[in-house]
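See structure below.
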Amino acid sequence: ITPAPTASVVLDVDAVYYSGLPACPSSDANNGGLSVTVNDRPTATLTGGSVICVGGNDDMTLTLTGVGPWTVSYTLNGIPQADFVVANSPYTWNVTPATAGSYTYCITSVEDVNCTSAAIPAATGCTTVQAIAYPTLCNYAIDDLELCQGQCATMTITVCETGLWSVN
């Protein structure tokens, strides 16, 4: 049977026959019905993902359908990770990358109290956090270490990484 989602279906056996003669069918009254409840499969949507500094936090939002609690399966850069349990939806998932790099989180499946999800599409189940290393100074110097009030000095700063930098 393939009943409509989120429905209750009663399966009723009208009659049972012997395969040989005589058939001797049972009556509908002798055959009970079975009530089957069909539940929707849970779904997951993962949003967020941003560019942060190494050691910084990024709050992603995991929105789930179905009946919680949910067991969430996911990958990090394509590598399966340990499942985790979520009690409420939406769920704030805080990640803190320790090293510079690109981190792609993808929800692969969700299990609620009734069912396991179909495959979660990458378009709704994946997001990326980009962790950027802090810039380092290779060299810095000032042209005059002794100044009188009102005088100016020039400071030269060299940043080790390439890019466009602001100095405060």
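The values are calculated or read from the model by the stated rules, or taken from the named source; none is laboratory data. Keep in mind it's a predicted model, so treat the numbers as computed, not measured. FYI the Cβ positions are ideal-geometry reconstructions off the backbone, even for glycines, and counts take in every protein chain you see. The accessibility values were calculated without ligands, DNA or RNA, using every heavy atom of the protein model including side chains. Shrake-Rupley method; radii C 1.70, N 1.55, O 1.52, S 1.80 Å.
Return yes when Y91 is within 10 Å of the chain's Cα centre (by Cα), farther than 17 Å from R41 by Cα and open to solvent by 60 Å² or more (accessible area, probe 1.4 Å) and no when it is not.
Details: within 10 Å of the chain's Cα centre (by Cα): yes; farther than 17 Å from R41 by Cα: yes; open to solvent by 60 Å² or more (accessible area, probe 1.4 Å): yes.
So Y91 passes the test.
Open to solvent by 40 Å² or more (accessible area, probe 1.4 Å), hydroxyl-bearing (S, T, Y) and in contact with a strand residue (DSSP E or B) (Cβ under 7 Å, 6 or more places away or on another chain): does that describe Y105? Full working, then the answer.
Details: open to solvent by 40 Å² or more (accessible area, probe 1.4 Å): no; hydroxyl-bearing (S, T, Y): yes; in contact with a strand residue (DSSP E or B) (Cβ under 7 Å, 6 or more places away or on another chain): yes.
It is false that Y105 is open to solvent by 40 Å² or more (accessible area, probe 1.4 Å), hydroxyl-bearing (S, T, Y) and in contact with a strand residue (DSSP E or B) (Cβ under 7 Å, 6 or more places away or on another chain).
Name the single residue that is nearest to S166 (Cα to Cα) among those in region 140-156 being acidic (D, E) and either open to solvent by 80 Å² or more (accessible area, probe 1.4 Å) or touching a His at 6+ places or on another chain (Cβ under 6 Å) (or both).
Of all residues in region 140-156, those acidic (D, E) come to 143-144, 146.
Still in the list and also either open to solvent by 80 Å² or more (accessible area, probe 1.4 Å) or touching a His at 6+ places or on another chain (Cβ under 6 Å) (or both): 143, 146.
Working: D143: 20, E146: 25 Å.
Top of the filtered list is D143.
Scan region 53-72 and report the pairs whose first residue is within 12 Å of V129 (Cβ to Cβ) and touching a residue at least 60 places away in the same chain (Cβ under 8 Å) and whose second residue is among the aromatic types (F, W, Y) and surrounded by fewer than 21 Cβ atoms within 10 Å (Cβ to Cβ), with Cβ atoms within less than 8 Å and a gap of 6+ or a chain change.
Within 8 Å, the pairs are C53/Y134; V54/Y134; M60/W93.
Working carefully through the options C115, C138, find the one that is over 11 Å from the mean Cα position of the chain (by Cα) and free of Cβ contacts under 8 Å to residues at least 24 places away in the same chain. If you could, list the steps in order and put the result at the bottom.
Details: C115 fails: free of Cβ contacts under 8 Å to residues at least 24 places away in the same chain.
After applying the criteria, what remains is C138.
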